[in-house]
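Novice: Right, I'll just put the structure down here and ask away after.
The numbers here are math on the coordinates, done by the rules we state, and not lab data. Here the structure is a predicted model, which means the values were calculated and not measured. Here the Cβ positions follow ideal geometry from the backbone for every residue, glycine too, while neighbour counts run over all protein chains shown.
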Amino acid sequence: MPPRLLIATTNSGKAREIAAILAEVPVEPVYLGELPPMPGAPEDRDTFEGNAIQKARHYGSLSGLATIAEDAGLEIPALEGWPGVYSSRVAPTDRERVALALERLAGRTGEDRDARFVSVAAFFDPEKDFIKTFFGVCQGQLIEEPRGDNGFGYDPIFWHPGYGRTLAQLSTEEKNLVSHRGQSFRALARYLKDYKW
């Protein structure tokens, strides 16, 4: 029997992306929704890495399962890195978050619209009290109106120069090749293939 691995997310879009990337890893993925309810993890660190570690330790300790968790977000250099670790908390819905970002960038052009997605994936093995993190970054620009409906979060306004489309206009497979999450979780998957459980 392969070891069970808890993917600590309730976001169905994120869960699908992660499961696709981990398909070659000899584990049995389990999602938060498949386990008895647990108290939510705090996310009060000021870095993506700090939040990812905090979430992995929280859910791994409560469930007793090896756990992977991620913290990710959008950074806009022209806005001093905003929204950063608060990316999912600056407004209640994806639509409102996108609208707020566009409002803050109104009238800005060129390099002022540069942005990057950052992802930190954390792996925690509660039996060994072992933690390891993996990073990914995706560079692009924010366009003036949403395009595409295959993503979530800020994907509809995040233009990827290599594809010439927004992340929300890409298939899951295309997105995983270039996205911040694809990078961090591919690194994690490579690591877990040889992990001594």
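Novice: Name the long-range amide H neighbours of T9: under 5 Å, sequence gap of 5 or more, or other chain; modelled H, no Pro or chain starts.
Specialist: Correct list: L32.
Novice: Could I ask something else about it? Taking the Cα centre of segment 144-197 as origin and charging only Cβ (+1 Lys, Arg; -1 Asp, Glu), how large is the dipole, in debye to the nearest 20?
Specialist: Roughly 420 debye for segment 144-197.
Novice: Could you work out the local net charge near D114, counting Lys and Arg as +1, Asp and Glu as -1, over the other residues with Cβ closer than 12 Å to its Cβ?
Specialist: 0
Novice: Identify which of P146, P83, P39 has the largest mean-square fluctuation in a Gaussian network model of the chain, with springs joining Cα atoms closer than 10 Å.
Specialist: P39
Novice: Among A41, G81, F134, pick out the residue whose Cα is farthest towards the positive end of the charge dipole of segment 4-193, where Lys and Arg carry +1 and Asp and Glu carry -1 on C-beta, about the Cα centre.
Specialist: The residue sitting farthest along the positive end of the dipole is F134.
Novice: Oh, and also: Going by how many other Cβ atoms sit within 10 Å of their own, how do S12, S119, S61, S88 line up, fewest first?
Specialist: S12, S61, S88, S119
Novice: Can you return the lysines within cross-link range of K193? Criterion is Cα-Cα under 16 Å, with same-chain partners fewer than 8 residues away left out.
Specialist: Reachable lysines: K132.
Novice: Oh, and also: Treating only the Cβ of Lys, Arg, Asp and Glu as charged (+1, +1, -1, -1), what charge dipole size does segment 50-108 show about its Cα centre? Round to the nearest 20 debye.
Specialist: Value, rounded to 20: 80 debye.
Novice: Something else now. Under a GNM of the chain (C-alpha, springs under 10 Å), which listed residue has the highest mean-square fluctuation: Y31, Y59, Y154?
Specialist: Maximum among the listed residues: Y31.
Novice: Okay, next question. May I ask for the distance between the Cα centers of segment 121-184 and segment 1-30, given as a whole number of Å?
Specialist: 16
Novice: Then there is this: Between the helical axis of 12-21 and the dominant principal axis of the chain, each derived from Cα atoms, what acute angle in degrees is found, rounded to the nearest 10?
Specialist: Here the helix axis deviates by roughly 70 degrees.
Novice: For helix 48-63, report the angle its Cα long axis makes with the longest principal axis of the Cα atoms of the chain; keep it between 0 and 90° and round to the nearest 10°.
Specialist: Once rounded, the angle reads 30 degrees.
Novice: So, with +1 on the Cβ of K and R and -1 on the Cβ of D and E, and no other charges, what is the size of the charge dipole of the chain about its Cα centre, to the nearest 20 debye?
Specialist: Computed about the Cα centre, the dipole is about 340 debye.
Novice: Angle check, please: helix 94-104 long axis (alpha carbons) against the longest principal axis of the chain (alpha carbons), in degrees 0 to 90, nearest 10.
Specialist: That works out to roughly 40 degrees.
Novice: While we're looking at this one, here's another question. For the chain, with a Gaussian network of springs between Cα atoms less than 10 Å apart, report the residue from G107, G73, G64 with the top mean-square fluctuation.
Specialist: It is G107.
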